[in-house]
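The next block holds one structure in the form of structure tokens; read it before the comments.
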Amino acid sequence: MANISIVLAEDHKTVRTGLRMIIDSEPDMKVIGEASNGHEAVELTRELSPDLLITDVSMPDVSGLVAAATIKRIRPEVRILTLTRHTDKAYFQEMLQAGISGYVLKQSDSGEMIRAIRIIANGGRYLDPAITSSVFNLLSTSSANLNFDLYGKHLSEREADVLRRVARGYSNKEIADQLETNVKTIETQKASALRKLDIKGRNEIVDYAILQGWLTNV
């Protein structure tokens, strides 16, 4: 299995070491560089071209916000996951504008970060469930052009359940195991739900799940 190459930017060495141990313990991930400030994060990302940058938002010298915006200009292919203690939607809006793909709270379980890494590395986006309610209006506005059935009236209970699990990052096989059915059935139910809602891909599924409030109490 190919490793997801990661540059890790965090100014507190103890925290950074702990994060690296968690990440490197996963069979499909590898930290290939560490930075203690935004300037180092930019230089390492430029030099190493990782698949993913994980960065703290608040760092000395150059903040994670400025670093993220800079990296998206010089290495647009690099995906960016931010770690922060801030739950204010203003921070999230700024990071979206900087081009980040994921936003995870430091106080969340480490499993959220690992789940976010895999989703983002595969081209998706990830929003920590603990902050979805604070950015509800923001995402509602940004997703206004999507033909969402905001109340899910046309989805069966099983179709809605499948989409909730997809939004949480579970694979079709994992969902089939959880619901004690087969992968083909899950694929059919997922396709039916997407067709009814006229949405495509996991990013729009996540947006829909957030608008529904499905990810606020997971």
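With every protein chain left in place and a probe of 1.4 Å, what is the accessible surface of V62, to the nearest 10 Å²?
Accessible surface of V62 is approximately 40 Å².
Could you list, in their original order, any pairs among K30/K200; K173/K200; K72/K190; K30/K173; K13/K173 whose Cα atoms are separated by more than 28 Å?
Numbers: K30/K200 31 Å; K173/K200 20 Å; K72/K190 32 Å; K30/K173 25 Å; K13/K173 38 Å.
Result: K30/K200; K72/K190; K13/K173 exceed 28 Å.
Within the range 156-206, report the trypsin sites (Lys or Arg not before Pro) that DSSP leaves as loop and that have at most 11 other Cβ atoms within 10 Å.
On the way: sites: R158, R164, R165, R168, K173, K184, K190, R195, K196, K200, R202; in loops: R168, K200.
When the trypsin sites (Lys or Arg not before Pro) of the range 156-206 are filtered for loop state and at most 11 Cβ neighbours within 10 Å, K200 remain.
Using protein chains only and a probe of 1.4 angstrom, how many square angstrom of D177 are accessible, to the nearest 10?
100 Å²
Express the accessible area of the range 1-88 per residue in Å², computed with a 1.4 Å probe while the remaining protein chains stay in the model. List each step's numbers first, then the result.
Details: 4130 Å² over 88 residues.
Per-residue accessible area for the range 1-88 comes out at 47 Å².
So if each residue of separation counts as 0.36 nm, and I subtract the Cα-Cα distance between K200 and R73, what length gain in nm does that give? Could the numbers behind the result be given before it?
On the way: separation 127, 0.36 × 127 = 45.72 nm, distance 2.72 nm.
Result for the pair: 43.0 nm of gain on full extension.
For R46, R118, give me the order by solvent-accessible area with a 1.4 Å probe, most accessible first, ignoring ligands, DNA and RNA. Don't skip to the answer; put the middle values down first.
On the way: R46 105, R118 80 Å².
Result, largest first: R46, R118.
Considering only protein heavy atoms, what is the solvent-accessible area of T14 at a probe of 1.4 Å, reported in Å² to the nearest 10?
Here the residue's solvent-accessible area equals roughly 120 Å².
The values are calculated or read from the model by the stated rules, or taken from the named source; none is laboratory data. Source: prediction; values computed, not measured. All Cβ positions, even for glycine, are placed from backbone atoms using ideal geometry, and neighbour counts span all protein chains on display. Side chains are part of the model used for accessible areas, which takes the heavy atoms of the whole protein and leaves out ligands, DNA and RNA. Shrake-Rupley method; radii C 1.70, N 1.55, O 1.52, S 1.80 Å.
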